[in-house]
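Below is one structure, written out as structure tokens, with a few remarks after it.
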Amino acid sequence: MECAGSYPVEVRTHTALHVLKGAVVKVLGPGARWTASTYVDGSHGRLTVKFDRKPSPEEIRRIEEEANRVVREDLPVEVVVLPRRAAEEKYGDLIYDLFPVPDHVTELSIVIIRDRSGELWNINACNKQHTASTGCIGRIQVGKPRFRRSKQLLEIPFDIEPDG
Ligand SMILES: [Zn+2]
């Protein structure tokens, strides 16, 4: 699929956060499943998750490899809008980040990426814009992580390839 350039770069970088998060949880395990914050500036992004240690260079290499495999496989990025209660019954707190969705929100956009076998790669309540498939993101390059021990926060910076 040829789509680099047909989305604003921030949409591609934001969608990369979902793909990267799936790779982080796959490599580091469920202990890394709570997103504390995210940051997007042009083709640069940063994912911050709760975690208890700094990953090894090998783990970071595998995270980058897994994320780029999902980009290459060009998997659909599904968005389903559900009443909040139904979404919680179906998916539990998998859809949530560390900081809660405000109580007054009664309907959620759930962003779902499934791997080739149909298993959930990433699921998250998110009302931002996304690319239609992971192939539109372009290659993801993961930078050097920073572990903030006192806060138990792991920051993973990344860049996506510029429009080509
Ligand atoms: Zn999103």
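Rg and Dmax over the alpha-carbon atoms of region 8-164 stand at 14.8, 43 Å.
Amide H contacts of residue 143: 158, 159, each under 5 Å away and 5 or more positions distant or on a separate chain (H built 1.01 Å from N in the peptide plane; Pro and chain starts excluded). Straight-line reach from residue 151: taking Cα to Cα under 14 Å and skipping same-chain neighbours fewer than 8 places apart, the aspartates and glutamates in range are 52.
For region 13-20, backbone phi angles converted through the Karplus equation (6.51, -1.76, 1.60; θ = phi - 60°) give residue-by-residue couplings of 5, 5, 4, 4, 4, 5, 5, 5 Hz, Gly and Pro being listed as x. For the chain, a Gaussian network of Cα nodes joined below 10 Å ranks 55, 100, 83 by mean-square fluctuation, and the top entry is 100. Applying the criteria of a DSSP loop state and at most 15 other Cβ atoms within 10 Å to the GluC sites (Glu not before Pro) of region 60-138 yields 73, 119. Taking a straight Cα-Cα cut-off under 20 Å and skipping sequence neighbours fewer than 8 places away in the same chain, the lysines within cross-link reach of residue 128 are 21.
Could you compute the net charge surrounding residue 105? Neighbours are other residues with a C-beta less than 14 Å from the C-beta of residue 105; K and R count +1, D and E count -1. The answer is -2. Within the listed set 80, 70, 11, the Gaussian network model of the chain (springs between alpha-carbon atoms below 10 Å) gives the highest mean-square fluctuation for 80.
When Rg and the Kirkwood Rh are both derived from Cα coordinates, the Rg/Rh ratio for region 87-164 amounts to 1.01. Per-residue Karplus couplings for region 135-147, computed as 6.51 cos²θ - 1.76 cosθ + 1.60 with θ equal to phi - 60°, are listed in order as x, 6, 5, x, 4, 10, 10, 8, x, 6, x, 10, 10 Hz, Gly and Pro entered as x.
Read-outs: derived from the displayed coordinates by stated rules, not from any lab. As the structure is a prediction and not an experimental result, all values here were calculated from the model. With ideal geometry, Cβ positions are generated from the backbone for all residues, glycine too; neighbour counts draw on all protein chains shown.
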